[in-house]
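The values are calculated or read from the model by the stated rules, or taken from the named source; none is laboratory data. Every value quoted in this text rests on a predicted model; they were computed, and no experiment measured them. Using ideal geometry, Cβ is built from the backbone for each residue, glycine included, and neighbour counts are taken over all protein chains shown.
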Amino acid sequence: MVANILTDLTDWIDEIASYWWFPLIVFVIALLDSVIPIVPSETTVIAGGVAAGAGNQNLAVIILAGAAGAFIGDNIAYSIGHRFKPRVTRWAARKPARTAKLVSAADQIKRRGGPLLITARFIPGGRTVLTVSCGLTAQPRRWFAFWIAIAAVIWSGYAACLGFAFGHAFEDNSTLAFLLAFGVALSITALIELVRWARDRGRPEPEATVVETIDDVIETT
C-alpha cells in the first residue's frame, strides 16, 4: 500500500513538474516550508531538478524559485519572531533565569549565527525555530538577510542539481530519477547527521542549545 501511494505521488509530481508554471509551485512551497515545516519543499525542488534534467524545465529558474521562496519565507519567520519580541521580553523580565536564557540564546546566535543558519536550512524544524529566534533576539536584519541568502542558494542549488543529475541520467524514467535523487538526499542528510553526532558526542551542539533554549521560552510564554 505504501509503495502504491509513493508511486502515485511520484507520478503526480512527474506530471505537473513539466508545466511552465511549476517553478511558481516550487517558490510557494519553499516559502511556506520556512514558516510551516511540514511542507515538502526539498522534495519539490528535487522534482524540479529532475524535470530540468529531462529537458522540461530550466535548472537556473528552479534554483532561483527555490532560493527566492526560502529567502522570503525565512524573512517572514524572522518577522514573526520580531513581532513577539516585546511580549517575550516582558515575560522574561519577571524572572532573572528567563532573561538569562534569552541572553544566552542571543549570544550563541551572534557567535555561531552565520554557519548555524546555513546548517539549519537543511533541518526542516530547526531552521524555522532558528529563524524565528533571530527575530525574537533582535539580530540585525541585514546580517540575517545576508546569511539567509547564502543558505537559501546553497540549499536550493544542492537539491535542484541533485535532481538534475538523476533526471539527465534517466530521461526516459522521471519517476525512477526522482526516487533515486530523493533517496540520495535522505542518505546524505543521514550521513551528515551521523558524522555530526559522532563528532559532538558528549558535548552540547550549538544548534541544539539554541533550539532548546528558544523552545523553552516559547512553550512557557
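Quick notes
- Matching residues in the stretch 131-156 - criterion: being in a helix (DSSP H, G or I) and farther than 10 Å from Y78 by Cβ: R142, W143, F146, W147, A149, I150, A151, A152, V153, I154, W155, S156
- S34 vs. criteria modelled with pLDDT under 85, buried (at least 18 other Cβ atoms within 10 Å of the Cβ), hydroxyl-bearing (S, T, Y) and closer than 22 Å to A145 by Cα: no
- Applying the condition of being over 17 Å from the mean Cα position of the chain (by Cα) and without any contact (Cβ under 8 Å) to a residue 60 or more places away in the chain to the stretch 140-169 and asking which residue is farthest from Q57 (Cα to Cα) yields P140.
- Any hit, the stretch 125-132, residues being surrounded by 22 or more Cβ atoms within 10 Å (Cβ to Cβ), touching a helix residue (DSSP H, G or I) at 6+ places or on another chain (Cβ under 8 Å), modelled with pLDDT of 70 or more and not β-branched (V, I, T): yes
Residue-wise test of (1) within 15 Å of A138 (Cβ to Cβ); (2) modelled with pLDDT of 90 or more; (3) charged (D, E, K, R).
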site: L64; (1), (2), (3): no, yes, no
site: A67; (1), (2), (3): no, yes, no
site: F71; (1), (2), (3): no, yes, no
site: D74; (1), (2), (3): no, yes, yes
site: H82; (1), (2), (3): yes, no, no
site: K85; (1), (2), (3): yes, no, yes
site: T89; (1), (2), (3): yes, no, no
site: K95; (1), (2), (3): no, no, yes
site: T99; (1), (2), (3): yes, no, no
